[in-house]
Amino acid sequence: MKTSCIIAVTALLFLFTQCTEDENGSSTPFILLKTGLSYTNNEAYVPVGGQLKFGISAVGDGFEITNLTVKRKTDAGSVTELDKGMFIKKGGLDTILTYYKGYADQETWVFSIMNSNRDTASVSMIVFKGAGSAFGDIDFFPSITIGYQNNLTLPNFVDVNSGLAYSGSTVIGNESLIDLVSYYYLSSGSSSPTISCPSYNTAKSYYPVMNEWAVQNSTVYDYYTTDNNLISTNQFDAAQNDSLLINGYQPESVSGTCKFCFADKVIPFKTGQGKYGLIKVIHADESDTGYIEIAVKIQK
Amino acid sequence: MKKQVIYVILFSMFSANILAQSTIKGTLYDEETLKPVSFANIWIGNKKGTVSDEEGKFILENINHGNYTIQISYVGYESFTQKINLKEHEILELQIKLKPANFTAEDVVITATKTENYIKDIPTRINLISPRQIEALPAQTTDELLAFVPGVNINRSFGIYSHSAAVTMRGLNGQEQGRVLVMIDGISVNKSDGGSVNWNLLNNDQIDRIEVVKGPGSSLYGGNAMGGAINIITKKPTESIQGKFSVDYGTYNTMRGQFYLSGRLNPTTDKGFYWNLGSFYRQSDGYMTASEADQLANKYLVKSDLKEWAATAKVGYDFNENNGLELDMLYYDDDRATGEKVFQPEGNNREHDTYQIRAKYYGQSNKLKWNINLFYLNEDYKRISEYFKDDYTFYKVLSERVDLGALSSVSYDLKNQIVTGGIDLKQGSVDAKDVYYTSTDIVYNRGTMNTLGLFVQDEIKLLNEKLKIIAGLRFDYANFFDGGFEIENPTAETTFMLTYNDNNLKEDSWNAFSPKLSVQYEFSKDYRVYASYAKGFRPAVLDDMCRSGRIKGGFKVADPGLQPEYLNNFEIGADARFFQRLRTSISAFYSMGDDFMYYVNTGDSIDLGFGLRPIIKASNISEVEIYGLELEANYLLTDYIIFNANYAYSHSQIKEFTPLNVSDPVDLTGKYLSDVPSHLASLSVNWRNKIVNAGINAKYNGTRWVNDLNQVDEIILDDKYPSFITLDLKLSKSFKMIFTALSIQNILDTKFYDSKGAVCPGRFITLELGIKF
């Protein structure tokens, strides 16, 4: 019996002294920018509003790549253009990102990845301001009417590139075109006409059919500009090219959903394909059987 | 010829052995009715046993002479043990009177006064869960053993899959374990970080009894003992070796194996070494806790499963009946999935690696008794959180919570009074970080609270012990220090918190006085009345003092200057016994709470990444009024059938609410406390018979307010949770050493939901098979 006591005490002391925290050795993830005619190259001169196209290739050195961050650094400061969580297990990351040249004479673009061991790697590129400007054309859809989740008569699914709205039956076969849906709910007790996108989880609770879609587009909305009314309806109406669409979008305050979309709100957005746009809310019901009417301006 | 000689020698030896053996005969009676007690279990040591016949008679033959402990147990009666010395060829005859156990006024408890007293002698409402009740209840976890105590509110939304549970009482918020003190063998297990208790870590086989003291107990125990104190008392070995091995299988492919072994070196004396070892392992496939709507919307939702195991050990040495040393250790580890899995192998889950080590020294010299406890409790909490919203988010919460200290008490027995005093020292600390893996952020928080408590108590007996008075006072001084809240490498996930980055949170201190005065008058042994006043307090938890972060409804800001909240409780009660078999009790209480902590808007807002949300702070801002009534009746229909019925009413309302910001539209004045059922009732029947022992328990849980604002909840779509009834059953049967038990919880398969719309496990069936020796 004494032996059993000793064994028990020893076993428990052993347990007490064990380390429980996850511990991994360090790793060396790697990231590079692709070069060539298809991409923006280091020290390139690009006019204001001109497209920047970055090809990124990265590996996690045995660990999953969990984050990709893109920062635009200028004399005025640093703006995080992208801070995206991910979980890429095998084969690494291979993607193309498009942005537009701002007004700064010189922009340093820094691309960083992190792996699941929290080890990081970065690469950077300098882009100079070229002569002139290169703001592009836009499409304008003055009225798109979208039904909320319990509206049985109006369509619910919108392709912002074409301005077309689809119903539950007509969307079949066109799922990959859909960038925007809308629903109404009480957010912490406050009435909220809301716009969202197919990849956003909460939106799927209102439109469960989107769970089955092979392509679920991720549109992100700049809620900070929206909440603080930083773009007026007059500015929206006056926009003739994509300058306001690009410069009005603040990438550090974006989400796949935008709440409190009441009439006269202007909402900057960026589609999953990288196109910038603006939404002006014309009318928003405050009932889940109602509808929202919007105008859209989007890069061609 | 040789064979015949050998046979003769062997026969002679055998006969001599038989002839040298002794016999114990006896008859068992009910102490009150003097009727024979049939079918009771009688054991000598750990090997030989029998059952009393219909006339209460038993016989144990062919026993070697020597020292033994005779043990008798039967449902409805207190366990009986007696040491005997059996001589050669002796036929020992015993006439044994068993005390009815369910009449708990006869039971001795220690929690209410830190001295041993009969329940009937203590002017406070006390409930005892006896060993027999523990055996008869179909409980999977320790908190479920308390479900049928009058007025006790159990909050365990997902049965065994709940990573946390709360046991509250006396109309206090059902989610806040910090307002009820929980102890194991007299040592607090409420963690300083959040006031919570891990109700999953104990195996019920190790529990001897549970004492529940209602109303504030801060005059003895200090913080947390605001609504009451629960003391879980573990078994102490009595035999050279005893044990139980069992396995069980149940709903959702739930499997458990467990054992409990204990022994004493010298079971026939009061001194010597003793020990016990226990362990259990449980795993279950679990079930979908999320609502059907959520399952449709989120393809990453999975079952909430569990794995957990624990090991305990205790060693002790008794110098004599009243002096001894004891050391106990516990290790517990669990892995409870919380129902969502995106990329991580285990999905979202929570782990609590718990290490506990305690030492006790107790003694007595003439009229002086003392008790010194040292304790160390370390919980390494780990939460993996992953979800897919705009993009993939994955982070871990790693928190080391440590509580350690020394508790001491001394009592001196004067002629008609016992004076008790003591000093308690406690340190609670938290060192935590949220480590993001899909961004670079790490958020640290830490803080430490030291508490010194001094208490004194006088138990006075007057008028030939008919009048009893207990007066007590405790002083607590606490100091918060080494607090910090820091953010490293912030991104959009945490940038909004930078304003609150402070590596050196302001130190703060507070003190609290907790008086108690209670009086009872005993008209006869069957009737008594009592009245009591007590003040209790709950200290602020470290989580509110040093951790800022998202919570439901906004962003919580740490406040190191938080002060305790207080409760003044007035109570009257009476007990009466009728016809020997019916015992009834009634208690009514009125409490006023001051400086109650609530999360309130500061008037500022913050961009959390999904739009502006209010900034919220825990603050001592409200006065609360609680009153209620508890009724209980126990009826012994026959010697084998016991009924228990109880009912509790409580009214818990905020009387005054002072917002931090005058423009705050939130006003909780007149609102009712959330998660408090106004009505609780239960009915239990325990039937012991030759075929199978049965325990049936029904419980009614009244409606509860969903939130502090008493508003319609967006998910529940109502301002109150609906009332519900559960019905539980346990059937058990022993065949000598082998036993089996069938437990069915929630027979009616009643579905009830939490504030997120997640559903309970419903009917839960478990079949257990094992051996006891």
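Rule-based calculations on the coordinates, nothing more; no lab input. It should be emphasised that the depicted structure is a prediction, and the values quoted were computed from it without experimental measurement. Cβ coordinates were reconstructed from backbone atoms using ideal geometry, including for glycine residues, and neighbour counts include every protein chain displayed.
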Out-of-range pairs (alpha-carbon distance over 28 Å; input B:83/B:360; B:99/B:733; B:214/B:736; B:57/B:83): B:214/B:736
Segments A:229-235, A:79-85, B:142-148, B:751-757 sorted - mean Cβ within 10 Å per residue, highest first: B:142-148, A:79-85, B:751-757, A:229-235
Restricting to DSSP H runs of at least four residues, report the calculated mean residue ellipticity at 222 nm for the protein assembly as shown, -39500 (n - 2.57) per run over all residues, nearest 500 deg cm²/dmol. -2000 deg cm²/dmol
How far, in nm, would the chain grow between residue B:82 and residue B:208 when pulled straight, counting 0.36 nm per residue and subtracting the alpha carbon separation? 43.5 nm
If you take each beta carbon of peptide A:212-222 and count the beta carbons of other chains within 10 angstrom, what is the mean? 1
Placing +1 on each Lys and Arg Cβ and -1 on each Asp and Glu Cβ in the stretch A:30-133, then taking the dipole about the Cα centre, the residue among A:56, A:109, A:31 whose Cα reaches farthest towards the positive end is A:56
Rounded tilt (10° steps) of A:2-16 against the dominant C-alpha axis of chain A: 30 degrees
Phi-derived 3J(HN,Hα) across the stretch B:741-749 with the Karplus relation (6.51, -1.76, 1.60, θ = phi - 60°), rounded Hz, x for Gly and Pro, is 8, 10, 10, 10, 9, 6, 4, 6, 6
Pull up the cross-link candidates among the lysines for residue B:461, meaning alpha carbon to alpha carbon under 16 Å and not fewer than 8 places away within one chain. B:120, B:415, B:525
For chain B, find the longest principal axis of its Cα atoms and tell me its angle to the long axis of helix B:2-19, 0 to 90°, nearest 10. 70 degrees
Rg/Rg_globular for chain B, with Rg_globular taken as 2.2 N^0.38 Å and Rg from C-alpha atoms: 1.01
Could you state the orientation-averaged shadow area of the convex hull built on the Cα atoms of the protein assembly as shown, in nm² to one decimal? 50.9 nm²
Per-residue mean of other chain beta-carbon atoms within 10 angstrom of the beta-carbon, peptide A:81-87? 6
Cβ-placed point charges (K, R +1; D, E -1), dipole of the protein assembly as shown about Cα centre in debye, nearest 20: 3480 debye
So, with points 7 Å from each Cα along the Cβ direction, the residue B:435-residue A:44 label distance in nm works out to 3.9 nm
Per residue, how big is the convex hull of the stretch B:51-92 when only Cα atoms are used? Give it in Å³. 78 Å³
For a label point 7 angstrom out from the Cα of residue A:30 toward its Cβ, which stretches of the stretch A:93-121 have the backbone nitrogen within less than 20 Å? A:93-96, A:111-121
Between residue A:75 and residue B:116, take the C-beta separation as r, use R0 = 51 Å, and let me know the FRET efficiency to the nearest 0.05. 0.05
Contact order relative to length of chain B, as percent, for alpha carbon pairs under 8 angstrom and 6 or more apart: 9 percent
Based on the mean of other beta carbon atoms within 10 Å per residue, what is the order of B:180-192, A:137-149, B:557-569, most packed first? B:180-192, B:557-569, A:137-149
Taking only the alpha-carbon atoms of the stretch A:16-124, what semi-axes of the equivalent ellipsoid follow from 5 times the gyration tensor eigenvalues under a square root, in whole Å, largest first? 32, 15, 10
Test item: B:356-363 mean partner chain Cβ contacts at 10 Å: 1
With a Förster radius of 22 Å, plug the Cβ-Cβ distance of residue B:245 and residue B:370 into 1/(1 + (r/R0)^6) and report the FRET value to the nearest 0.05. 0.05
To the nearest 20 debye, chain B has a Cα-centred charge dipole, built from +1 on Lys and Arg Cβ and -1 on Asp and Glu Cβ, of 2900 debye
At 7 Å along Cα-to-Cβ for each site, give me the label-to-label distance between residue B:669 and residue A:229 in nm. 3.3 nm
With θ taken as phi - 60° and the coefficients 6.51, -1.76 and 1.60, list the Karplus ³J(HN,Hα) couplings across the stretch B:406-415 in order, rounded to whole Hz; mark glycine and proline as x. 9, 10, 9, 8, 9, 10, 10, 8, 8, 4
Please name whichever of B:359, B:28, B:276 sits farthest to the positive end of the charge dipole of chain B, dipole taken about the Cα centre and charges placed at Cβ: Lys and Arg +1, Asp and Glu -1. B:28
Set of the stretch B:226-258 residues, backbone N closer than 19 Å to the point 7 Å along the Cα-Cβ line of residue B:592: B:226-227
How would you order B:642-649, B:55-62, B:242-249 from highest to lowest mean count of nearby Cβ atoms within 10 Å? B:642-649, B:242-249, B:55-62
